[in-house]
1. Among what's in the range 307-336 and is touching a strand residue (DSSP E or B) at 6+ places or on another chain (Cβ under 9 Å) and farther than 22 Å from Y414 by Cα, pick the residue that is surrounded by the most Cβ atoms within 10 Å (Cβ to Cβ).
2. S407 is checked against (1) surrounded by fewer than 20 Cβ atoms within 10 Å (Cβ to Cβ); (2) part of a strand (DSSP E or B) and fails just one. What number does that condition carry?
3. If I go through the range 149-207 residue by residue, how many of them are open to solvent by less than 30 Å² (accessible area, probe 1.4 Å) and of a type in the set (F, W, Y)?
4. Could you run through the range 460-483 and say how many residues are hydrophobic (A, V, I, L, M, F, W, C) and modelled with pLDDT under 90?
5. Determine which member of the set E236, E211, E232 is within 30 Å of the chain's Cα centre (by Cα), without any contact (Cβ under 8 Å) to a residue 12 or more places away in the chain and open to solvent by 30 Å² or more (accessible area, probe 1.4 Å).
6. Can you tell me which residue among F369, F373, F359 is within 19 Å of G435 (Cα to Cα), open to solvent by less than 50 Å² (accessible area, probe 1.4 Å) and part of a loop (DSSP other than H, G, I, E, B)?
7. Cβ-Cβ distance below 7 Å, separation of 6 or more or different chains: which pairs start in the range 384-401 with a residue that is within 22 Å of W440 (Cα to Cα) and end on one that is among the acidic types (D, E) and open to solvent by less than 10 Å² (accessible area, probe 1.4 Å)?
8. Within the group Q384, Q434, which residue is surrounded by fewer than 16 Cβ atoms within 10 Å (Cβ to Cβ), modelled with pLDDT of 90 or more and more than 27 Å from the chain's Cα centre (by Cα)?
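The values are calculated or read from the model by the stated rules, or taken from the named source; none is laboratory data. Remember, it's a predicted structure, so these values are computed and weren't measured experimentally. Cβ placement follows ideal geometry from the backbone for every residue including glycine, while neighbour counts extend to all protein chains displayed. Side chains are part of the model used for accessible areas, which takes the heavy atoms of the whole protein and leaves out ligands, DNA and RNA. Shrake-Rupley method; radii C 1.70, N 1.55, O 1.52, S 1.80 Å.
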Amino acid sequence: MAMAQGTRLRLGLCSFKHPFLWNISPSIASTTTTTAGAIQTCLCLPWLFRLLHSNALNPLPQRSPAFHGVRYMQRQLPFQRLFCSEATGDKEKMKKKPMLNEDYEDSVTIRINEKLTGEFPVFSDHSIFKVPKELRSVNEEAYEPKLIAIGPYHHGKDHLLSMEDHKIRYLQSLLQQSSQKNVSRYVQIIRNLEERARKCYAEPFSFTPDEFVEMMLIDGCFIIEFIRKLREGDMEDLLFRSNHMFYSFMLDLLLLENQLPFFILRELLVTSNVIPDQESTFIAVILKTYESFLPGPLCNSSRAYTPENMIQIKNLLGLLHDHWQPSPARLEVYKKMRQAEERDSTRCATELKDAGIKFKSAVERNNLFDIDFVNSTIKIPKIQITDITECVLRNLIAYEQLTSFTSPKYFTDYMKFIDSLINSKKDVELLCRQGIIDNWKGDDEAIAILFNKLGEHVFCESALYADIVNNVNEHCKKRRNWWMAELRHNHFQSPWSLLSFLADIMRFLLKITQKF
């Protein structure tokens, strides 16, 4: 009991009334009556006696309690630190975090800085794209090559490998016709253009520099030689013998994902010197050949190309798109209406007919986009719908969707306007009767579905024909026109309804005469 008065012992706690000892550890367990407390007491007593004896011989100067506590903890034995773990308090339990050096860089920071220092192509450099998933899902076959892969996007696909031998055969033929008898000069030209050509492709690919140069050279020379054979009428070639193969091949060269940068073709064309007048003849042959692929007349076939505006051509698909433009008068309307914020759509052809609007084929016009509305009559140039029309239109529309936001979208607006006129096969029948649609597919329902699906997942400005839509809608808003529309719809749909209507009028007149 005497010892308990001078000393308070607990498990993990030794606190004495000695003047230079200070709360060795806090309370963490039970009282001294427990077995653990007795063991702790026995373990601590010899060491404490030695400590008291050493301090008696060498008294310490007066220090703060905190100082003595630190000195004591430095002299603790390992087993005492275990039992007196709480004696250090939170200061011992909480280790100090190392101070970050100002020059230290986090691993995430390093990785981001590496990405920031890399070079990325500017969006304006891109001219050859992959079709977005949403557009492709509507009709995937319209964007897939059937016979030949041009460029990196479809290179190496199994069903296209058979054409690789034809490419080598065409390269041999080109070398025989050209002033360059081996490929070394061509390789050097393409190698100098490699970096610029890579930037034209919006999607990444894993070709090494040598593989990319080889692909550009073989594909480019193949197109040059094909155009040369086409110009000279070499009908003995395997690709020209079958109409099906020829048209499938020509269609593959128009696909959005199956393109080469046009400057590659131009450099190979100039180097080979296999076509006289080179650029102008090359472009003229392409436009003449593809004239039958377009659903309407080629608008700018007489356009002359100078070396300066040759640079503006992005690829073969872009070449056709640039030639297939609205008339100057329609372009002025397009530029003006593009600034308008609100745009509307019109009703289908059968409803407009009921409202007193007529449709007429503009046979005299040689521009697909030259639609007009005069004297309650919508004049539309004739459009021919064949099995390849959807593929051509889809790739031209996709090209417009993926180029710059400020680039014109003539085909998209044209498609949107025709789509607004067609809701069902009845609308197609009406337009076919008026000579506006030349249906080579034979099924009016299929034409209606074609135009209705062309606009899915497509951004449309609706500016090219905004003035026509506004004028048509103003015509339909007049009460007299809608009254006439209701009259035609309810009483003049068939000869029997007309006879019934006339009979009602006769009965009404008879009743009046009987009264008088």
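1. Per the criteria, the residue is N315.
2. Unmet condition: (2).
3. 4
4. Of all residues in the range 460-483, those hydrophobic (A, V, I, L, M, F, W, C) come to 460, 463-464, 466, 468-469, 472, 476, 482-483.
Right, trim to modelled with pLDDT under 90 and you get 460, 476, 482-483.
So the count comes out to 4.
5. Numbers: E236 fails: within 30 Å of the chain's Cα centre (by Cα); E232 fails: within 30 Å of the chain's Cα centre (by Cα).
Unique residue meeting the criteria: E211.
6. Working: F373 fails: part of a loop (DSSP other than H, G, I, E, B); F359 fails: part of a loop (DSSP other than H, G, I, E, B).
Going through F369, F373, F359 in turn, just one is within 19 Å of G435 (Cα to Cα), open to solvent by less than 50 Å² (accessible area, probe 1.4 Å) and part of a loop (DSSP other than H, G, I, E, B): F369.
7. Here the result reads none, with nothing in the range 384-401 linked to a residue that is among the acidic types (D, E) and open to solvent by less than 10 Å² (accessible area, probe 1.4 Å).
8. Details: Q434 fails: surrounded by fewer than 16 Cβ atoms within 10 Å (Cβ to Cβ).
None of the others qualify; the one that does is Q384.
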